[in-house]
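Structure first, commentary second.
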Amino acid sequence: MTATRTMKAVVQDRYGSPGDVLQVREIAVPTAGDDDVLVRVRAASAHADVWHVVTGTPYVLRLMGNGVRRPKFQVPGSDLAGVVEAVGRNVTRFKPGDEVFGESVSFGWKNGGAFAQFAAVPQDFLALKPSNVTFEQAAAVPTSGYIALSNVRSGGPLAGKRVLINGAGGAMGPLALQIAKADGAHVTAIDRAEKLAMMRSLGADRVIDYEKEDVLRSGERFDFILDVASTWWFDVCARALTPGGTYMPIGHAHFGRATGRMGGRIVGSLPSFIWLMMKTMANAEKRRNFKMLSKAEAVATFAALLASGQLTPVIARTFPLEEVRTAMRCIEDTRILGRIILTP
């Protein structure tokens, strides 16, 4: 009789504050399905969507597949990088020993098993990790990168366009900044004073300390405004847009502290984004430019950007699995410069 192989993993049995519901235990190593890759995880990203799934807020997210009363999938985390341990019988793109990165789930609002020593991942959600980036850097990209890529390119081609990014120094902002620069945009990046040097080093053409300058009152006009911090809205940004310009909020709930359109423990910002989608679909040009990227398309794009050096994730701190509670507290700190990573 073969003994069950076990691994160390972060688990949760109920929704609540990460400090209360997350613990590290020994559990069985997952089995890779026919189309899956078993990855020995070297790095996993702690990001805002993980926080929402762990806490179960806003409550509407529990209807997205993770369980209404309690989590059906006990191991959190969706973004990872590591080494292929084994492959399912239908897998053709990878072999044991390959270094890979990507997402472990098709939809970000459920636990994906990345906060563990091993994770089973569909092959289409992975790409080979470029050799010029670390496992930690690669793990920092998938979910935040997918949101950044989808939104930055939602307004059509950016070459020669003037782009304003509010909250460009946070977890997702630096990725959006670099993607916009790779697409040929002139980027103005806004955040707090201690993040200006980092944003400038990532290629921003201009950086602004929001505590010292209100760019919306400067008379400048932008072709695209990406509101990562979600502290503005259409009405206040209208005067800063060129004719035909686009404003796009990300929907940052500020870890349950947001109020108004972005707040609420029951539905959160969902009504605002249903309205935003309807507004987008009503515009013929924006409707033509709108496209939902597949996970395979997105991760392939990230691999190319990372390999070319056009995308360089900034890592703030790394933590072992045993310090997952501290790691989750760190992602709530807006002063952190870069991403928080777990290293199983």
Original post:
Hey, among the residues in segment 139-151 that are within 13 Å of A298 (Cα to Cα) and of a type in the set (A, V, I, L, M, F, W, C), which one's modelled with the highest pLDDT?
Top reply: V141
**OP:** Look through segment 47-91, keep the residues that are among the β-branched types (V, I, T) and within 14 Å of V121 (Cα to Cα), and return whichever of them is surrounded by the most Cβ atoms within 10 Å (Cβ to Cβ).
**Re:** V84
Original post:
Restricting to segment 295-336, what's the tally of residues that are within 17 Å of S144 (Cβ to Cβ) and outside any helix (DSSP H, G or I)?
Top reply: 14
Original post:
When the residues of segment 94-105 are filtered to those that are surrounded by 15 or more Cβ atoms within 10 Å (Cβ to Cβ) and of a type outside the set (S, T, Y), which remaining residue is farthest from R25 (Cα to Cα)?
Top reply: F94
Subject >> All positions within segment 221-243 that are touching a residue at least 40 places away in the same chain (Cβ under 8 Å) and more than 23 Å from the chain's Cα centre (by Cα) >> reply: R221, F222, D223, A240, T242
Original post:
Out of (1) at pLDDT 90 or above; (2) more than 29 Å from L158 (Cα to Cα); (3) in contact with a helix residue (DSSP H, G or I) (Cβ under 9 Å, 6 or more places away or on another chain), what's the single condition that is false for C330?
Top reply: (3)
Original post:
Can you list the strands (runs of 3 or more DSSP E) found entirely within segment 121-193 that contain at least 3 residues being touching a residue at least 40 places away in the same chain (Cβ under 8 Å)?
Top reply: 126-128, 162-166
**OP:** Show the residue pairs that are 6+ apart or on different chains and have beta-carbon atoms under 9 Å apart, the first residue being within segment 27-48 and under 10 Å from E85 (Cβ atoms) and without any contact (Cβ under 8 Å) to a residue 60 or more places away in the chain, the second being in a strand (DSSP E or B) and of a type outside the set (D, E).
**Re:** none
Subject >> Condition check for A120: out of contact with any helix residue (DSSP H, G or I) (no Cβ under 6 Å at 6 or more places or on another chain), under 26 Å from E26 (Cα atoms) and surrounded by fewer than 24 Cβ atoms within 10 Å (Cβ to Cβ) >> reply: yes
Subject >> The one condition in (1) in a loop (DSSP other than H, G, I, E, B); (2) in contact (Cβ under 8 Å) with a residue 40 or more places away in the chain that A204 fails to fulfil >> reply: (2)
**OP:** Filter segment 64-90 down to the residues that are out of contact with any strand residue (DSSP E or B) (no Cβ under 6 Å at 6 or more places or on another chain), hydrophobic (A, V, I, L, M, F, W, C) and not in a helix (DSSP H, G or I), then identify the one that is nearest to A32 (Cα to Cα).
**Re:** F73
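The values are calculated or read from the model by the stated rules, or taken from the named source; none is laboratory data. What you see is a predicted model, and the numbers here were worked out from it, not measured in a lab. Heads up, the Cβs are rebuilt from the backbone with ideal geometry, glycines too, and the neighbour counts pull from every protein chain shown.
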